[in-house]
Amino acid sequence: MTPFRFFLPVLMISSISSCTTDSGKETSRNKVETTEVKPSPFIGTFVSEGYQKKSTGADWVSVTITQIRERLFHIEVRSRANIKKPTCSLTSDAQLTEEGELFTSQYNLDLGFRISGDKLLIYSPSNRDLNYFCSGGATLAGKYKRTSEKLPEKQVDQSQFWKFLEYPDFTFTVQAIRDTLTIQPVLPKGCLEEARIPFTGSIADADIADLDADGFPEIYVYVREGKDQRIRLVAYNLNKGKSLSQIHLQEVTNQKVAPFKGRDEFKPVEGALVRRYPIEGTKKTQQVQYVLKMGEALPQLVIDKVYSF
């Protein structure tokens, strides 16, 4: 398997002009003929075996997969929640590999998704247990069958997102219910107030990192909104462990950066926040690298390097 990995660019913004001609027109090798894209077989909802016995009170798990762009997908795992606490839960973006499978990693656990007809197989490419995403000894690994039915609203877990974020000496939960995002400090107890943010759309993922290496982490939540599936970054800085303040993201407006048309993704990588999005009309991807700096009033993510590939 060849999993997708973010990597850091080595070219400064001022040096990327070589990627285009002086006239700003694309070279012939970058032009892409318009062809009809076939719907991916991964798109749809898949359910565990217990779903067929839901009327008798059986527990069940669902996997809903949507497509963001050609090789980027969004996965939501939900389970029955009207009788007991939800068994399994997962929200994550996933990359389409060269082998035709979906791949993602959460909590340092790799997950693979393999499709065969109407059957979806979830497995661990590194042969590790996937019971971290479930309770009561259950596991996310296994086979799921495609269904055309709408999941019963009175049974399925209505939470939109939940993730546990850990950093030395600090722990947070990030959850979304009824279009409200809540960032809740867990450890240390009683030191910080929670942040509540209304949103529309869906939560792609959330990360914790210390980009400015001051010993206090930041929280990054990626809210995907609108028809173009663009990310609205919700980010908070932990001010010396005493309070949370919002982080401002510098807009992509430089003429040497490809126009932004949505369907982007973010990930903290080695002291930087890396953003990727497709360059319209080509098969290329724009990668923008941000560094965290203190502004006059609030911390800011400032564009540091840009690269296309």
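Here are the numbers for the structure shown:
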{"quantity": "Matching residues, the stretch 88-119, being more than 20 Å from Ser202 (Cβ to Cβ), polar (S, T, N, Q) and open to solvent by 10 Å² or more (accessible area, probe 1.4 Å)", "calculated": "Asn108, Ser116"}
{"quantity": "Tally of residues being assigned to a strand (DSSP E or B), basic (Lys, Arg) and within 24 Å of Glu280 (Cβ to Cβ) across the stretch 54-108", "calculated": "1"}
{"quantity": "Residue within the stretch 279-288 that is at pLDDT below 90 and among the small types (Gly, Ala, Ser) present", "calculated": "yes"}
{"quantity": "Residues being hydrophobic (A, V, I, L, M, F, W, C), without any contact (Cβ under 8 Å) to a residue 60 or more places away in the chain and surrounded by 16 or more Cβ atoms within 10 Å (Cβ to Cβ) - total across the stretch 120-133", "calculated": "3"}
{"quantity": "In the stretch 237-279, the residues that are within 15 Å of Asp214 (Cβ to Cβ), touching a strand residue (DSSP E or B) at 6+ places or on another chain (Cβ under 9 Å) and part of a loop (DSSP other than H, G, I, E, B)", "calculated": "Gly241, Ile247, Gly271"}
{"quantity": "Test set (1) surrounded by 15 or more Cβ atoms within 10 Å (Cβ to Cβ); (2) closer than 14 Å to Pro86 by Cβ - Ala141 fails condition number", "calculated": "(2)"}
{"quantity": "Number of the condition not met by Ser79 [criteria: (1) surrounded by 13 or more Cβ atoms within 10 Å (Cβ to Cβ); (2) at pLDDT below 95]", "calculated": "(2)"}
{"quantity": "Hits in the stretch 272-293 - residues which are in contact with an Asp or Glu (Cβ under 8 Å, 6 or more places away or on another chain) and surrounded by fewer than 18 Cβ atoms within 10 Å (Cβ to Cβ)", "calculated": "Gly281, Thr282, Val291, Lys293"}
{"quantity": "The stretch 119-139: number of residues that are assigned to a loop (DSSP other than H, G, I, E, B), within 20 Å of Gly50 (Cβ to Cβ) and out of contact with any Ser or Thr (no Cβ under 9 Å at 6 or more places or on another chain)", "calculated": "2"}
{"quantity": "Any hit, the stretch 159-166, residues being more than 19 Å from Tyr236 (Cβ to Cβ) and either touching a helix residue (DSSP H, G or I) at 6+ places or on another chain (Cβ under 7 Å) or assigned to a strand (DSSP E or B) (or both)", "calculated": "no"}
{"quantity": "Selection count where residues are in a strand (DSSP E or B), out of contact with any Phe, Trp or Tyr (no Cβ under 7 Å at 6 or more places or on another chain) and without any contact (Cβ under 8 Å) to a residue 60 or more places away in the chain, scope the stretch 295-309", "calculated": "1"}
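Conditions tested, residue by residue: (1) within 24 Å of Glu218 (Cα to Cα); (2) aromatic (Phe, Trp, Tyr).
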| site | (1), (2) |
| --- | --- |
| Val257 | no, no |
| Arg263 | yes, no |
| Val274 | yes, no |
| Ile279 | no, no |
| Lys283 | no, no |
| Gln287 | yes, no |
| Tyr290 | yes, yes |
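The values are calculated or read from the model by the stated rules, or taken from the named source; none is laboratory data. Since the structure is predicted, the reported quantities are computational estimates derived from the model, not experimental observations. Virtual Cβ from ideal backbone geometry, glycine too; neighbours counted across all protein chains shown. Note: areas computed on protein heavy atoms with side chains; ligands, DNA, RNA excluded. Shrake-Rupley method; radii C 1.70, N 1.55, O 1.52, S 1.80 Å.
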